[in-house]
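The values are calculated or read from the model by the stated rules, or taken from the named source; none is laboratory data. Being a predicted model, the structure only gives us computed values, none of them experimental. All Cβ positions, even for glycine, are placed from backbone atoms using ideal geometry, and neighbour counts span all protein chains on display.
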Amino acid sequence: MHMPLARKYALSALAGAMILLGTTSQALAAPTAPIFTIDPSALGLGGPIIGPNTPFQANQIGGTSSELLHTVGNTHTGSGWIDLSGFALNSVGLAPLSTGLDINYGLFVRFQLKDVLVSGTINTPGSAQKVTQLDFQFWADPHNQNTYVPSSAAGLGTEATVADVGGDDILLAVGNLVQGVSGINALGGAFLNSIQTFATCSGAGIANLAGTTIAAAACANDIGSNFFSSPKPFYGVAFDAFNNTTQGPATNGGLLAINQAVGNVDFNKIPEPGSLALVGLGLLGMVAAGRRRSA
């Protein structure tokens, strides 16, 4: 039986992307992450608007996170959210009145995660995992009305969820895992470092991944590509890092609730021929989504 051409190409490109990331780490290790421009007016906010509601520059987005992980053997499966609360430029926070974030609008991420233990004992200090899946959806919350439910390991567990108050949330971007690590450090604090593709929604059912149009069924419009207004095309890779204190994680049987995690997200592009590899990553996501729909 022949492997479908798209899947064969995607798998080859994925392997190439992993090699590329390993060999260009020095090129990506700049003193600061590259600058991007956000245009909040793309959200089309109605009603009273506080502040300028005009484009601004940043190179970091910070926030807090909550997730609930289900343990099966030496693996985790779970989901959670990131409540993004501020932009920064070269490590200096931008005033909410200048960005409008958490005043005129909110930003948040929903994510789905899987990992597998590589060292130590799962759910205990000193354990480390390899992240095997990290899909995300980057949302805007017009008028900043949503409510966030943190995870809990008590009883049967409480999932970390976001309620769309007003029913007007806007999907801005989507992405999938390139590479990631997670674990619980020696003091009992949880950590996650990962790299994902970052594709801005560019129309109904499509997104822009580093200049290439890919299928993205959940995208409804091009607001994401206008919100992430520069560079054009927007950076194709997102980097994130989250950590919490010893008091953050809580376990109960096979449940691991991780709360009060703080961290940041920034972006970059992969030097050529990395764009070709990112196209492959996008195709791989399309193939996987198709297989799930047909299952």
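Summary of computed values
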| read-out | value |
| --- | --- |
| Close pairs (9 angstrom Cβ cut-off, 6 or more residues apart or separate chains): without any contact (Cβ under 8 Å) to a residue 40 or more places away in the chain and in a loop (DSSP other than H, G, I, E, B) in region 195-215, buried (at least 24 other Cβ atoms within 10 Å of the Cβ) and among the hydrophobic types (A, V, I, L, M, F, W, C) anywhere | ALA204/CYS219; GLY205/ALA216; GLY205/CYS219 |
| Odd one out for GLN112, checked against (1) surrounded by fewer than 17 Cβ atoms within 10 Å (Cβ to Cβ); (2) within 15 Å of ASN264 (Cβ to Cβ) | (2) |
| Qualifying residue in region 257-271 (condition: of a type in the set (A, V, I, L, M) and modelled with pLDDT under 95) | yes |
| Single residue of ASP115, ASP83 found to be closer than 24 Å to ASN226 by Cβ and in a strand (DSSP E or B) | ASP83 |
| Residue within region 234-248 that is aliphatic (A, V, I, L, M) and touching a Pro at 6+ places or on another chain (Cβ under 8 Å) present | no |
| Residue in region 216-273 that is surrounded by the most Cβ atoms within 10 Å (Cβ to Cβ), counting only those that are out of contact with any Leu (no Cβ under 7 Å at 6 or more places or on another chain) and in a helix (DSSP H, G or I) | SER225 |
| Search result, residues across region 99-142 that are in contact with a helix residue (DSSP H, G or I) (Cβ under 7 Å, 6 or more places away or on another chain) and of a type in the set (Asp, Glu) | ASP102 |
| Selected residue [of a type outside the set (D, E, K, R), touching a His at 6+ places or on another chain (Cβ under 8 Å) and over 23 Å from ILE38 (Cα atoms)] from GLY188, GLY166 | GLY166 |
| Members of region 163-178 that are over 14 Å from ASP135 (Cβ atoms) and touching a residue at least 12 places away in the same chain (Cβ under 8 Å) | ALA163, ASP164, VAL165, GLY166, ASP168, ASP169, ILE170, LEU172 |
| Subset of region 121-148 that is surrounded by fewer than 18 Cβ atoms within 10 Å (Cβ to Cβ) and either aromatic (Phe, Trp, Tyr) or more than 30 Å from ALA186 (Cβ to Cβ) (or both) - its residue that is farthest from the chain's Cα centre (by Cα) | GLN145 |
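Yes or no, residue by residue, for (1) surrounded by 19 or more Cβ atoms within 10 Å (Cβ to Cβ); (2) of a type outside the set (Asp, Glu); (3) modelled with pLDDT under 95:
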{"site": "LYS8", "(1), (2), (3)": "no, yes, yes"}
{"site": "SER12", "(1), (2), (3)": "no, yes, yes"}
{"site": "ALA29", "(1), (2), (3)": "no, yes, yes"}
{"site": "ILE35", "(1), (2), (3)": "no, yes, no"}
{"site": "LEU69", "(1), (2), (3)": "yes, yes, no"}
{"site": "LEU84", "(1), (2), (3)": "yes, yes, no"}
